[in-house]
Amino acid sequence: PDRGYALSIRGAAREIAGALDLNFIDPVTHAKALEFKENGGATPIKISDGAMVAYLRSLDNFNPKAPSPIWLSRRVEKVGMRSISLAVDVTNYVMIELGQPFDPIAIAKNSRRHKLSTEASRRLERGVDPSLAEFASGRAAELMIALGGATYVGTSVSGEARYPSLIDLDPKYVNDRLGTELSTEVIEKALTTVGCDVNTKSWKVDPPSWRGDLQIPADLVEEVARIVGYDQIPSVLPRSPYAATLTPVQLRRRTIAAALAARGLTEVQNFPFVAESTMKTLNYTGERAATFRIANPMSEETPLMRTHLIPGLIGAAQRNLSRGARDFALFEIGAIFRNTTKLVDGIFPTLGVKPDAATIKAIFESVPPQPIHLGAIFVGKITGDNWRTKARNYEWADAIAEAQTVLDLCGLSYTVERSDFAPWHPGRCAELLVDGKAVAHAGELHPRVCKIGDGKISLAFTLSFRAPDRTLTGEEISAAREAAVANASKLYGATVRS
């Protein structure tokens, strides 16, 4: 359904014939047989942009008031379009019957620029048969002559249709990719069914004019699989000379994540974007303030790449608190982005061959460093009240203990020292060092960072409105809700959360 050639009676019939192994009679055969006597005086045409080939059929004496016959208007309406006039109905009918060609990229750009998707653009932007310009225009001219009393004047042509190139295909390549043992006859029949011409001596495949998407052998393999049937392809895991193992970095990351989850923390994945106000609130300076501004951010409120995981974790904590959660622990493992090295311009190597070592090195130098960090945040109580123990709030020492647990899992020797480091609370922050280098900070966040409003807390209430004898109207419910808000404001100075 997402292919331009299939969005027509011609294309659908070809697909059904291939699926049910039936003979397919191409309706274009009739259009190819049309002959028009040239009377001279055809309107000239010249393509300047947006199409590869155009046919302009000049007609005279067409009766614009001639009604569309019932068979024509009904067929147009059956596919979801309105019957408007004979000329419009004929062109729509031919589009549905055969499909029509213009340039997919140009059509797609115009459709999106004007925010207008039509029956024609839906087909054209997906690409259809460029050879149809001649035959679809001839078919439309035939119908307008027969139904509208028009006389043929002449035809002008501009441009030249471009067709897919020949593809060299090895039948063994097909079976290697699909894990099958299909015979050459089956492969040839499958490709012929979709419209390809196959030379079984040289195995050069000529894709049909309406399949501009068939460009490499892998494209043909997909068509063979589709026609033969995916259910006929065995589910066999391909053999590999290499054992599937994790890299040391992957193994470390998985071990740490599993250990933290086992200790009751929940893993989250946040967007790597932050707001400028957040950076200022957390008092980031130096490297942690050296960020990148996104050229086309998903939101204008968060145009910066994160330089730390803490902002995203604080945001996740805020969302959980606003939804009624009070006691939880979250952690995240992800990349951060710091604008600390001068980057070279982007490198775009030639496709098809592996770049040399120097080019690969230049490619990596053109992207910012993206080290993987681990962050965690603890909110509320560490355990719930039960018969065995009494609940207590998380303390800054708990955060330091968890950071030590991570370093222990990595088999690292470290020392713990006192630190005053934003955005942590002065005197309640520790720095963990390996070989004299700070690798982690943990502690209690600064009160300035933790403050959801000034001396206020956020509460959520569910109100149910019912009447014993009837269904309340929207106006009555709104009035009752506003009365509840007004009463809360009067008694406690509360305001509705924005």
Checked pairs for region 262-284, first closer than 12 Å to P311 by Cβ and open to solvent by less than 30 Å² (accessible area, probe 1.4 Å), second among the acidic types (D, E) and part of a loop (DSSP other than H, G, I, E, B), C-beta under 8 Å and 6 or more apart or across chains, list as A275/E301
For region 1-19, which positions are open to solvent by less than 50 Å² (accessible area, probe 1.4 Å) and in a helix (DSSP H, G or I)? G4, Y5, A6, R10, G11, A12, A13, R14, A17, G18
For a quick check of your reading of the model, give me the residue pairs whose first member lies in region 468-496 and is at negative phi and part of a loop (DSSP other than H, G, I, E, B), whose second is at pLDDT 90 or above and charged (D, E, K, R), with beta-carbon atoms closer than 6 Å and at least 6 apart or on different chains. none
Checking L22 against (1) under 26 Å from A146 (Cβ atoms); (2) in a loop (DSSP other than H, G, I, E, B), which test does it fail? (1)
Where K115 falls short, out of the listed (1) surrounded by 13 or more Cβ atoms within 10 Å (Cβ to Cβ); (2) at pLDDT below 85: (1)
Only one of (1) assigned to a loop (DSSP other than H, G, I, E, B); (2) modelled with pLDDT of 90 or more fails for G127. Which number is that? (2)
State which residue is most open to solvent (accessible area, probe 1.4 Å) when the search covers only region 145-183 and only residues that are assigned to a loop (DSSP other than H, G, I, E, B) and acidic (D, E). E181
Could you please let me know if E431 is part of a strand (DSSP E or B) and farther than 25 Å from G315 by Cα? no
Unique residue being modelled with pLDDT of 80 or more and farther than 21 Å from L147 by Cα when the list is A13, A108: A13
Residue among I363, I377 that is of a type in the set (V, I, T) and in a strand (DSSP E or B): I377
Assess whether V449 counts as being open to solvent by 80 Å² or more (accessible area, probe 1.4 Å) and within 44 Å of the chain's Cα centre (by Cα). no
Any residue in region 350-366 that is in contact with a strand residue (DSSP E or B) (Cβ under 8 Å, 6 or more places away or on another chain), open to solvent by less than 70 Å² (accessible area, probe 1.4 Å) and not acidic (D, E)? no
Does L182 fit the bill of being modelled with pLDDT under 95 and either of a type in the set (S, T, Y) or over 32 Å from the mean Cα position of the chain (by Cα) (or both)? yes
Within region 388-427, restricting to residues that are among the charged types (D, E, K, R) and at pLDDT 90 or above, the one that is nearest to the chain's Cα centre (by Cα) is E402
Give the number of residues within region 42-84 that are assigned to a loop (DSSP other than H, G, I, E, B), open to solvent by 70 Å² or more (accessible area, probe 1.4 Å) and over 17 Å from G149 (Cα atoms). 7
Please verify whether N175 is more than 30 Å from E35 (Cβ to Cβ), in contact with a strand residue (DSSP E or B) (Cβ under 9 Å, 6 or more places away or on another chain) and of a type outside the set (K, R), treating the condition exactly as stated. no
Can A31 be described as assigned to a loop (DSSP other than H, G, I, E, B), modelled with pLDDT under 85 and open to solvent by less than 40 Å² (accessible area, probe 1.4 Å)? no
Can V186 be described as among the hydrophobic types (A, V, I, L, M, F, W, C), open to solvent by 30 Å² or more (accessible area, probe 1.4 Å), more than 30 Å from F102 (Cβ to Cβ) and not in a loop (DSSP other than H, G, I, E, B)? yes
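How about region 434-446: which of its residues are exposed (fewer than 15 other Cβ atoms within 10 Å of the Cβ) and either assigned to a strand (DSSP E or B) or not acidic (D, E) (or both)?
Correct list: V434, G436, K437, A438.
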For region 449-462, does any single residue satisfy the condition of being assigned to a helix (DSSP H, G or I) and either under 30 Å from Y284 (Cβ atoms) or hydroxyl-bearing (S, T, Y) (or both)? yes
If you go through region 324-334 one residue at a time, do you hit one that is assigned to a loop (DSSP other than H, G, I, E, B) and open to solvent by less than 40 Å² (accessible area, probe 1.4 Å)? yes
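The values are calculated or read from the model by the stated rules, or taken from the named source; none is laboratory data. Only a predicted model underlies this, so the values are computations on that prediction, with no experimental measurement involved. FYI the Cβ positions are ideal-geometry reconstructions off the backbone, even for glycines, and counts take in every protein chain you see. Ligands, DNA and RNA are excluded from the accessible area calculation, which covers all protein heavy atoms including side chains. Shrake-Rupley method; radii C 1.70, N 1.55, O 1.52, S 1.80 Å.
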